[in-house]
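Quick notes on the structure that follows.
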Amino acid sequence: MADAVGGILLAGITLYAVLGGADFGGGLWDLLAGTAQRGQAPRALIDETITPVWEANHVWLVFDLVIFWTAFPHAFTAVMNTLALPLWLSAAGIVLRGAGFAFRKEVTRLALQRVTGAVFAFSSLLTPFFMGTVIGAIATGAVRDDASHASLAAWTSPTALLAGLLFVTACGYLAAVYLTSEAARRGERQLRKYFLRRAQAAAIVAGALSLATLVALHGANPGLFGHLTGRALPLMILAGVCGLAVLALLTAGRTKGTRVVAALGVSAVVWGWGVAQYPVLLPGTPVTLTNSGAPQATYGALVVVFGAAIVLLGPSFALLFSLQHRRMLR
Amino acid sequence: MSLGSGVVLLAAGQMNGEVVPARAQMATTLGFHIILACLGIALPSVVLLAEFIGLRRNDETATLLARRWSQVMGVLLAVGAITGTVLSFEMGLLWPGLMRRYGAVLGLPFGVEGVFFFLEAIFAGIYLWGWKRLPGWTHFWSGVPIALSGILGAMSVIAVNSWMNQPGGFTQRGATITSVNPWQVYFNHAALYEMPHMILAAYMVTGFVVAGVYAAGVLRGRRDRYHYEGFAIGFVPAAILTPFQIFVGDTAARAIARDQPVKFASMEYVPRTSRHVAEWIGGVYANGRVYAGLKIPDLDSLLVGFSPGTKVTGWDSVPPAERPPVVWLLHLCFDVMVGMGFLLLLAGLWAAWEWWRHRRLPKHRLFWLAGALSGVAAIVAMESGWVVTEVGRQPWVVYRLQTTTAAATTNGGVLTSLTLIIVMYAVLGAATILILRMLARRWRAGADQETAVPYGPPPSLPGERASQAES
């Protein structure tokens with residue numbers, strides 16, 4: 001039962017990464033879109049694709065936090081205590097990103113649009129970066145199970161910082177791939193080319209950062225590295241193949257199917273991490289899925305809640321995304 | 001720093017120096033979010049009511065109101081979503097002791113809430129951005145799930161809060177939770193009165209805030225159908241709910257006298273367990289007596305048990321360390337909440353009388369002044385009630401099971417995060433209000449189109465846009 005809830009948490013993280021992550025990536029490209037004049041078209045596409053969905057995508061984070069603290073309270077509080085600073089900064093990023101994005105729509109003066117837009121775009125980097133350092137810190141075994149105080153060293157190791165950069169780039173990669181497809185679907189050739197080049201660049205940088213993080217992890221946590229290249233190897237290979245396939249398709253000028261393949265690649269990384277760590281929650285400690293402070297009944301209840309969530313949310317998300325796809329929401 | 005305050009700080013440090021700033025930060029962020037939560041719970045229903053009237057009666061004014069309110073709702077839901085997320089982080093960052101021990105129990109209603117938060121966000125995406133392309137009634141129905149999930153989500157969050165007041169539905173051996181009954185956790189003893197009390201509060205806050213905006217317009221001479229209709233769609237439902245809220249509140253107070261007698265004793269200034277307890281209206285308790293309060297003999301006993309001889313438990317039933325701090329704050333907050341409730345009831349009765357006699361809204365300026373202030377009054381009442389329930393539970397975070405001090409983080413630096421968050425929330429609150437006012441100004445200028453493109457040179461529109469081209 002605890003394994004099932006671990007799977008639910010990993011699924012929630014995957015969905016936050018491929019849906020919420022792309023919304024943060026949109027902020028990255030908004031930031032890099034240049035002057036008001038030059039960046040108008042890409043920013044308009046970014047804005048239109050994020051607008052109706054970002055709040056729903058964001059809820060995955062809240063959902064993941066709730067599952068984490070309910071099913072694994074001991075690991076949760078250890079993470080919260082040790083990594084308080086990057087978590088506070090992630091929360092600040094969430095507040096500023098959401099506020100900046102929502103406010104930019106409602107202001108009409110260019111100066112105010114610039115300010116709110118800059119807040120949105122800059123803070124879109126904060127959350128993925130610091131979330132990346134949090135995951136990096138956990139993976140390197142820097143979170144002690146009895147931690148009661150914050151540690152700066154835990155999340156400023158080379159591995160954790162590389163993971164932060166990797167998260168930012170991966171978000172940008174997903175966003176650029178999605179935006180390329182969207183521009184292609186709308187017959188916007190200029191924009192398609194614009195985002196295609198950025199998707200290619202992000203794919204290369206993300207690939208390089210993935211390898212660098214893996215190398216750094218080899219030094220920081222050989223055990224986890226061993227599992228990543230052992231039992232999680234098929235997933236690692238899948239992630240690599242997906243990345244290369246997207247790169248090849250884009251270079252060949254094809255956009256069809258790239259969205260799904262890119263999302264699959266990122267999901268493979270998340271699940272690879274999960275499989276490599278299983279059943280340990282905090283590497284380097286004895287805290288596993290089954291002994292982190294929740295009774296059996298809690299797992300059962302969470303599985304029921306997740307079942308209800310699938311029944312209720314599946315069709316609802318399908319409706320939202322299909323209406324957005326048909327451009328009914330603007 | 002004086003020697004005295006240094007000693008106080010030292011003493012606080014021994015008992016965990018972060019608990020005071022942690023409580024201050026939770027109070028700031030939750031006090032801010034709770035207003036947005038109320039609007040998030042009930043504004044969709046008010047917007048849907050306007051849209052319903054618009055569709056049913058072919059009333060263009062109502063439709064226009066619904067469209068504009070839905071733009072406001074977009075801003076408020078976004079700010080509510082992010083400030084709510086901050087609270088999720090704070091559960092772990094500020095209260096690791098609580099989450100470590102009871103996360104597996106109180107997390108379950110939060111999990112249910114997560115599902116409704118999802119539904120709210122998904123259908124808000126459809127409803128808010130579907131005005132242009134979805135046909136009338138289809139669009140209306142796409143908003144109904146937002147209103148329903150607002151209520152069900154609120155029930156889930158209140159389930160957690162009421163569980164902290166009346167914990168149950170689990171067994172504990174030492175520090176370990178050994179079993180959980182999710183049903184009993186969710187529908188705990190206090191949930192039965194806290195849920196309706198808070199949800200009615202959300203509807204009253206929202207209805208009166210909406211009414212307040214248009215009453216202020218009427219006071220400024222904007223006496224047109226648009227303003228009267230905007231006022232009525234907010235005011236009428238809120239005024240109808242007010243007497244029900246007073247009934248629920250009265251029931252809740254009696255339940256608290258039974259379930260959390262020390263909280264009740266502090267609310268009502270009952271130092272000693274006794275019969276023939278007097279009711280104090282106003283007044284400050286200090287040095288064992290009440291200053292400047294109005295004393296009504298026997299009334300408190302009468303309210304608790306419908307007889308002047310009813311025994312009421314005083315705070316002397318527990319040792320001083322287990323009593324809430326600053327009883328006068330609790331008592332005055334309670335009085336303010338009740339007082340505001342009755343003032344709002346009077347405003348509603350005035351409107352009802354005028355409608356019964358003359359089939360119109362009151363013309364008297366005082367009524368519109370009351371209407372303009374009703375939103376603020378409802379918010380003040382709601383915040384006061386929240387202070388009563390939270391401060392009144394102290395020193396416990398989980399009633400009689402865990403103290404707030406034991407729950408608080410031991411990480412230093414909460415004072416820093418508190419300072420930063422006060423600055424950030426001040427800016428966020430000011431920006432939200434400024435943007436809503438800007439929207440109102442733009443609407444009065446007759447421009448309803450939202451900006452088409454972020455950052456870009458604007459599409460040619462009259463009014464405000466012209467000045468922008470010059471700059």
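All of the numbers you see were taken from the coordinates with simple rules; none came from a lab. Nothing here was measured: the structure is a model prediction, and the numbers come from that model. All Cβ positions, glycine included, derive from the backbone under ideal geometry; neighbour counts span all protein chains shown.
Mean separation of Cα pairs under 8 Å and 6 or more residues apart, divided by the residue count, gives region B:18-126 a relative contact order of 27 percent. Each part reduced to its alpha carbon centroid, region B:333-407 and region B:205-256 end up 11 Å apart. Secondary-structure-derived ellipticity at 222 nm for chain A, considering helices only, amounts to -26500 deg cm²/dmol, per-run term -39500 (n - 2.57) for DSSP H runs with n ≥ 4.
Cross-link partners of B:K311 among lysines, defined as those whose alpha carbon lies under 24 angstrom from its own and excluding same-chain residues fewer than eight positions apart: B:K263, B:K295. Candidate cross-link partners of A:K105 among the lysines, defined by an alpha-carbon separation under 18 Å and a same-chain spacing of 8 or more, comprise B:K132. Fully extending the segment from B:T251 to B:L192 would add 20.2 nm, taking 0.36 nm per residue of separation and subtracting the current Cα-Cα distance. Couplings 3J(HN,Hα) for region A:197-209, derived from phi with the Karplus relation 6.51 cos²θ - 1.76 cosθ + 1.60 (θ = phi - 60°), are 4, 5, 5, 4, 4, 5, 4, 5, 5, 4, x, 5, 5 Hz, where x marks Gly and Pro. Computing FRET efficiency as 1/(1 + (r/R0)^6) for B:R225 and B:I281, where r is the C-beta to C-beta distance and R0 is 56 Å, gives about 0.85.
For A:R231 and A:R38, what is the calculated FRET efficiency with R₀ set at 41 Å and r taken between the beta-carbons, to the nearest 0.05? That gives a FRET efficiency of 0.25. Taking all Cα pairs closer than 8 Å and separated by 6 or more residues, the relative contact order of chain B comes to 18 percent. Helical runs assigned H by DSSP (4 residues or longer) give chain B a calculated mean residue ellipticity at 222 nm of -25000 deg cm²/dmol, each run adding -39500 (n - 2.57) before division by the residue total. Short-range pairs are left out: with C-alpha atoms under 8 Å and at least six residues apart, the relative contact order of region B:152-251 is 25 percent.
Placing +1 on the Cβ of every Lys and Arg and -1 on the Cβ of every Asp and Glu, with no other charges, gives region A:46-171 a dipole of roughly 380 debye about its Cα centre. Measuring between their Cα centroids, region A:266-317 and region A:105-182 lie 23 Å from each other.
Working from label points 7 Å from Cα in the Cα-to-Cβ sense, the B:K311 to B:V427 distance is 5.8 nm.
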